[in-house]
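These notes concern the structure reproduced below.
Just so you know, all these numbers are worked out from the coordinates, no wet-lab data involved. What you see is a predicted model; the values in this text were computed from it and never measured. All Cβ positions, even for glycine, are placed from backbone atoms using ideal geometry, and neighbour counts span all protein chains on display.
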C-alpha cells in the first residue's frame, strides 16, 4: 500500500508540475553556476582538455557537500565565453519552464580568484542575457553573490570592481556561503556603501543559520529580500516583524531538503510563513545540482498544503519583489495577474 500511495503522489506531483509549466513565472533565486547541466559541464571539460566528469563527482548529502560540489562546478567556467554559454543555456531552460523573468546570482569572487577579470565576466553575462532575450527567452538581471567566509576585505575588493565596472544588468549584491563564518555586522559598512551606490541587498540567511541571522540580514545589511530565510519560522515575533517590514523571503523547497537545511521528516515551514503573512516567493536555487525546476517547486509547494489562491499570491509577490525598474516591474505584475487569474487548476 505504501508503494501505491507513493506512486500516486509522484503522479500527482508530475501532473501539477506540467500544469505550472504552462503558467508565466518569475524566479528570483537561481544561481548561474548551479544551473549548469552535466552535459554542458562535460562540453566545457572537453574544450579544456580535462578528464571526463563523472556523476558521483557532484554527489552530496549535506550542506558542506553541496558547497564542495558547487565549487567543483565553478572550476569548469574558465573563459568569458563559458559564462555567455552558461547564460544562454539557463535562458533556454527557464523558457521551457515558463519563466519570463529571473534574477540570477553569480559568484564573481570564485572566478576572479582563478584569474578571470570581473569586467570580462560581466560583459559575457550581458551578451548572454541579450541573446536570451532576442531568442524569446526571459528577461535576466544579475546579483553578485559575495562569499561570507572569505572575509570583509575580499568582499570590499569585489565592491570596488563593481564600482569601476558598473553594469545595468548587475543590480544587486548578495552574501552567501557559510552563515556562521563571520558575523553580519562586520559587513554592514560595505553593504551600506553598496546600497548608496544603487545596488539592492539580497542576502542568504536563515538557511542553515538561526532566526537571528534573518533579522541581521535585514537590520544590519539592509536586505530587501532574504534568500531562504526558513529559520524565521521558529520565531513568531520575527515573523510579525518581517511582515511589518514587508521583507520578502525567497524560499527554495527542494534545496532545503537536499542540503538538510530543513530536517528530513519534518514538514517544511513554507505554509506557516505564508499563514503568518510574510511575503514569500519560490526559487529553484541550483536547479541542475538539485534536479528541480521552478514548476516543480510550485508543485512541491502545493504538496505542503498551500491552496491555489496562496500559490497565485506567491507568483504575484515574485513580480512585486523583483529588482526591475518600476515601469517594467508593473508590466510584469500585470502579465502574471492576468494569466494566474485565468488559471483553472486541472482538479478544480
Task: For the range 232-348: relative contact order, % (alpha-carbon pairs under 8 angstrom, 6 or more apart) - done: 23
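For residue 48 and residue 337, FRET efficiency with R0 = 41 Å and r from the beta-carbon atoms, rounded to 0.05? Display every interim value, and only then the final one.
Working: r = 46 Å, r/R0 = 1.11.
With R0 = 41 Å, the Cβ-Cβ based efficiency is 0.35.
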TODO: With a ≥ b ≥ c taken as the square roots of the eigenvalues of the C-alpha gyration tensor of the range 23-342, please select rounded if a/c is under 1.5 and otherwise prolate if a/b is larger than b/c or oblate if it is not?
DONE: rounded
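Exposure proxy check: 243, 123 ranked by fewest other beta carbons within 10 Å? Working shown, then result.
Working: 243 14, 123 17.
Going from sparsest to densest Cβ surroundings: 243, 123.
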TODO: Among 29, 165, 111, rank each residue by its count of other Cβ atoms within 10 Å, from fewest to most, as a rough exposure measure.
DONE: 165, 111, 29
TODO: Tell me what the chain gives for mean residue ellipticity at 222 nm when only DSSP H runs of n ≥ 4 count, each as -39,500 (n - 2.57), the sum divided by the residue total, rounded to 500 deg cm²/dmol.
DONE: -16000 deg cm²/dmol
Task: Nearest-0.05 FRET efficiency for residue 181 and residue 39, computed from C-beta distance (R0 30 Å) - done: 0.35
